[in-house]
Amino acid sequence: MNSLATYAVSTNNSRGRVIQESAPDGRSEFQRDRDRIIHSAAFRRLEYKTQVFVNHEGDLFRTRLTHSLEVAQIGRSIARNLGLNEDLVEAITLAHDLGHTPFGHAGQDALNDCMREHGGFEHNLQSLRVVDVLEERYATFDGLNLCYETREGILKHVSKKNAQKLGELGERFLQDKRPSLEAQLANFADEIAYNNHDVDDGLRSGLITLDQLKEVTIFSRHFKQVKDRYPHLTERRVVYETVRGIINTLVNDLIQQSRQNIQSAGIVSLADVHSASPLIDFSQIVKREQQELKKFLFNHLYRHYLVVRMNKRAQHTIEKLFDAFSNEIRMLPIKYQEKFKREGHQAIADYIAGMTDRYAIKEYQRLFTIAEN
Ligand code: MG
C-alpha cells in the first residue's frame, strides 16, 4: 500500500462499522470490505447482468461484472497516484453496481416506474440495501456490515426524501457536504470505464461505425496518433490502441487536475474534503471532450433502434413480472411472500432487482407460457 495523504480515508479516521467487530488479521478494514463484497451472492450475479447489451447477445460484450472490474482497476490507479486509500476505492468500485436490476438502465427505469406509488426504486440505494440488509451470510448480522466510508461511496446519489431515512449516511445530501475523495473518484472511474467500453462494444456490435466515431474530437485525436505510429495495424487493434490511449489521457488528466484542485483549496484533512467543493475533476478541455463523447454515445448507441427494441423488451418483461406478483402475491417464492407482509412492494422490487437477465427471462416464461420450459 502506498503512503496515504493526510486527507485520505484511513483506518484511523474511519467511522467504523454499524456492528463492532474485532480488527481483521493480516488485512486492513477496507480489504476486509472488499473481500466480503467479492464473496457476496450479488457480486456473482453481476456476471449475468448487463449495461447496454442483453447478457446473451454475445460473449465479448461487457457484463456488469467485467465493468466493475474495469472500474476498480481505473479507480485504483487514480487513488494510488493521489495518495488515496486504494483498498477503499477497490471496495466501493466493486460494489457500486450491486443493486442494479436485470437489463441495465432500461430495467432500472421500468422498475422505478412500477414502484412509483410505493416509494420508487433508486439503484444506488438498492446497492446500499444489498450490502446493508439483503445479503444473508453472516451469523450475527444481516448484510455485510461494511465500514461507513465504503457505504458512503456506494450511495452515490439518493433523493432528499430517502436521505432523511438514512441517518448519518444521508446527512451529506441534506447538508450539501461532499463524500471522501475515494468516493468522488469512484464516480469518475465508472464514467471513464463505461464511455470507453461502450465505444468498444458499440463498434464490435456494428451499432456504431468508425467513420461516425471519427467525428468525435477525443476519439479522432487518439485514432490519428495510433494510425500515424502504426499505419499497417489491423482495424481491431487500432480501436483497442485508441481506446487505451483515451483511457490513459482521461486518467492522467483527472489525476493532474484533481491534484491541483486539492492543492489550491488548501486541503489538509478529511474534514476539509467534506466541506470543500467537489475536488476530483477533469480539466475544462477534457471535460468538454468527455461531454461530446457522451452525447455521441447517447445519440448513436443508446438511441440506436436495436438498443431501443432491446430496452422495450426489457421494460415489458419487468412490468409484466411486477404486475403479476402485485396482483397475486402467492406467486412469489415463500420467502418473498413473508417479506411482502412486512415490507409491502419493496419485497417485489428486491426479488426482481436481484434477478439476472436470464433469470428474469426464465421467470417470465414460467409465469406466462404454458409450454414446457
Ligand atoms: Mg457502473
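Bear in mind these aren't lab numbers, they're just calculated from the coordinates by the rules spelled out. Please read all numbers here as calculations on a predicted model, not as lab measurements. Here the Cβ is made from the backbone with ideal geometry for all residues, glycine too, and neighbour counts use every protein chain on show.
Below, the figures for the structure above:
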{"quantity": "Across LYS312/LYS362; LYS295/LYS320; LYS156/LYS362, pairs whose alpha-carbon gap is larger than 20 Å", "calculated": "LYS295/LYS320; LYS156/LYS362"}
{"quantity": "Hydrodynamic radius of the chain per Kirkwood, over alpha carbon pairs, in Å", "calculated": "22.0 Å"}
{"quantity": "Residues THR356, THR209 arranged by fewest to most Cβ contacts within 10 Å", "calculated": "THR209, THR356"}
{"quantity": "Sorted by Cβ density within 10 Å, fewest first, the residues LEU94, LEU207", "calculated": "LEU207, LEU94"}
{"quantity": "Computed [θ] at 222 nm, deg cm²/dmol, the chain (DSSP H ≥ 4; -39,500 (n - 2.57); rounded to nearest 500)", "calculated": "-18500 deg cm²/dmol"}
{"quantity": "For peptides 103-114, 62-73, 335-346, sequence by mean Cβ density within 10 Å, most packed first", "calculated": "103-114, 62-73, 335-346"}
{"quantity": "Rounded Å value of the spacing that divides the Cα centres of region 285-334 and region 172-216", "calculated": "17 Å"}
{"quantity": "Square roots of 5 times each gyration tensor eigenvalue, C-alpha, region 273-373, largest first, Å", "calculated": "39, 23, 9"}
